[in-house]
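The structure under discussion appears below in the form of structure tokens.
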Amino acid sequence: WASHIPAKPSKTLILSFPFHKPQRQKLSIQFSLKPNTATTTTTTNMDPKSVQSELVLILDYGSQYTHLITRRIRSLSVFSLCISGTSSLHSITDLNPRVVILSGGPHSVHSPDSPTFPPGFVEWAEAHGVYVLGICYGFQLIVQRLGGEVRVGEKQEYGRMDIVVESDSGIYGNRCEGDRQVVWMSHGDEAVSLPEGFRVAARSHQGSVAAAECKERRFFGLQYHPEVTHSPEGMDTLRYFLFDVCGVSKGWNMEDVMEEEIKVIKDMVGPRDHVICALSGGVDSTVAATLVHQAIGDRLHCVFVDNGLLRYKERERVMDTFDKDLHLPVTCVDASERFLSELKGVVDPEAKRKIIGKEFISIFDDFAQDLEDKLGKKPAYLVQGTLYPDVIESCPPPGSGRTHSHTIKSHHNVGGLPKDMKLKLIEPLKLLFKDEVRQLGRILKVPEAFLKRHPFPGPGLAVRVLGDVTEGNALDILRQVDEIFIQSIKEAGIYDSIWQAFAVFLPVRSVGVQGDQRTHSHVVALRAVTSQDGMTADWYYFAHKFLDDVARKICNSVRGVNRVVQDITSKPPSTIEWE
């Protein structure tokens, strides 16, 4: 995660997390942040002595599953962070982890430019009693760098595969020799000769090494992915490894996060400073605002921007909730004409996101100026509900020479901010996944109905109208279709079973027959997915009758639509949003 912090910083943000009552030891992270920059060199300044040793650090080598390792470990009440696999040794040692996990990745250790851990890493880990677990590519790195041999496999292994335990100690200490389990393989290379001191812990049914270990040096390796659900016993393996092999203690919980974040915000914001919070009406910004409001009270000034890209009656519904349920001081700014004029003729999704991010910040600057005229002091900070997945998805690709993660899309909170932004950022949720934010919201007593709202993208309907959002009446059509779809889901009692549902306006027309006349009208797509954290997702299986009813209702009620299709792709390979 620290690898996402850019070089040449101009803004400062402090995050601090406590661990392990009753000792109340803390992981305190202070770093500088320039939110708009495209560079991602680590610039973390830490006091290693203040970092609690119960940290599990993941070195990311580009696997699509890396974030799942982070999430699975946190689900065990253990704090984990993910940083670039090519981070410097200093960046790693400063974090003082108890365990380091080397992730999988699309690379081959035989490639001359394949990423690897820094020089001195092995020596440091052994000298400081750090446990190291390699997964897939990470395992092959351990084998090759410690003197073993990795070759292109004669029989490549992909998908579900049976493995057999050969050693009932070490990482399989809770198993018996000869036990079988199904795991998820995804590799072409294989370890054919292990480094000195290592022994085979499990083999695949094809005879390849599936797991190996050297308990004396505290190095372990799995050729498969224990973090995915396709490895049914993978979580048991991770749990046993962390608690029984490594002796890690539990200590990650949202109560402590809330307590420490409030303290950090109080320390960061001066006693006379004022703060602006950008409220979108979603869970993330609302929880962030409630947290900051508890820390500084009426020195928080919330602003809700109607950018002309909101859902049906969203402005009225959200403002009513802020007033009656959350009691937050919110000013509504109608900037719909301003945003839509800037977006006219723009079809590239990245360009749309950048424009929207720039306009948001410009409005916040104007709002800050108005507050300065009113209060005699200009607010210095801007609160945003940026989450961990937002940061991950806004990073450049592996092998680009910049960082380990692929740029899926620029989040307007992360990659879409302008260079001349005048406000310093407060992002109290930046280390959290969506489900963790909901947990935090419950502790903060945010209404449950609000916490269960489906995620809505910062750029709004701009990324759900493919192409020019100002062309014709695309936005009006999309709002009507989306409202019918969402209300039908609620009436069917399945809203809480779905992570996110929405409609998409497609830039195509199709031939139809309506009222005995030929039509050439618009096509809309329906998208609904299930997920735990938004990083991976599967499409929701609607009953056929439900889809039939919704499609008929849309075509009969929304003028200009004669065809409804359903998106049935998972993430990956697609993203949840279409743009």
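The values are calculated or read from the model by the stated rules, or taken from the named source; none is laboratory data. Everything quoted here is computed from the prediction, not taken from an experiment. No Cβ is skipped: glycine too gets one built from the backbone with ideal geometry, and neighbour counts run over all protein chains shown. With ligands, DNA and RNA removed, areas are computed over all heavy atoms of the protein, side chains included. Shrake-Rupley method; radii C 1.70, N 1.55, O 1.52, S 1.80 Å.
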Inset, instruction - Enumerate the amide H contacts of T519 below 5 Å, restricted to partners 5 or more residues apart or on another chain; note that Pro and chain-start residues carry no placed amide H. - result: G512, V513, Q514
Inset, instruction - Any of K352/K571; K215/K263; K263/K344; K313/K430; K263/K422; K377/K452 with alpha carbons more than 32 Å apart? Name them for me. - result: K215/K263; K263/K344; K377/K452
Legend entry - Pair-distance profile P(r), taking every C-alpha pair of segment 156-243, with 5 angstrom steps and integer %: 3, 15, 28, 28, 19, 7, 0
Legend entry - Backbone HN-Hα couplings from phi across segment 532-542 [Karplus 6.51/-1.76/1.60, Hz, Gly and Pro as x]: 9, 9, x, 7, 10, 7, 10, 6, 7, 8, 7
Inset, instruction - Using θ = phi - 60° and the Karplus relation 6.51 cos²θ - 1.76 cosθ + 1.60, list the HN-Hα couplings for segment 193-202 in order, rounded to whole Hz, with x at every Gly or Pro. - result: 9, 8, x, 4, x, 8, 9, 6, 9, 7
Inset, instruction - State the antiparallel share, in %, of DSSP beta bridges confined to segment 56-245, rounding to the nearest 5. - result: 60
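If packing is taken as the mean number of other Cβ atoms within 10 Å per residue, what is the order of 378-388, 519-529, highest first?
Details: 378-388: 24.6, 519-529: 20.5.
By packing density, highest mean first, the sequence is 378-388, 519-529.
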Legend entry - Cα gyration tensor of segment 474-566 - equivalent ellipsoid semi-axes, whole Å, descending: 25, 14, 11
Inset, instruction - For K434, go through the aspartates and glutamates and keep the ones whose alpha-carbon is under 12 Å away, minus same-chain ones fewer than eight residues off. - result: D284, D390, D533
Inset, instruction - Could you pull the accessible area for R442 with a 1.4 Å probe, rounded to 10 Å²? - result: 110
Legend entry - Amide proton proximity set for C302, modelled H, under 5 Å, gap of 5+: C277, T331
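Can you put Y224, Y541, Y312 in order of accessible area, largest first, using a 1.4 Å probe? Spell out each step's value before the answer.
Values: Y224 0, Y541 150, Y312 90 Å².
From most accessible down to least: Y541, Y312, Y224.
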Legend entry - In sequence order, calculated HN-Hα J values of segment 428-443 (Karplus, 6.51, -1.76, 1.60; Hz; x Gly/Pro): x, 10, 5, 9, 10, 8, 4, 5, 5, 5, 5, 4, 5, x, 5, 5
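Which order do R479, R317 take by accessible area at a 1.4 Å probe, largest first?
Working: R479 45, R317 100 Å².
Descending order: R317, R479.
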Inset, instruction - List the residues whose amide H sits under 5 Å from the amide H of Q500, counting only those 5 or more places along or on another chain, with H placed 1.01 Å from N in the peptide plane. - result: V529
Legend entry - Cα gyration tensor, segment 56-245 - rounded (a/c under 1.5), prolate or oblate: rounded
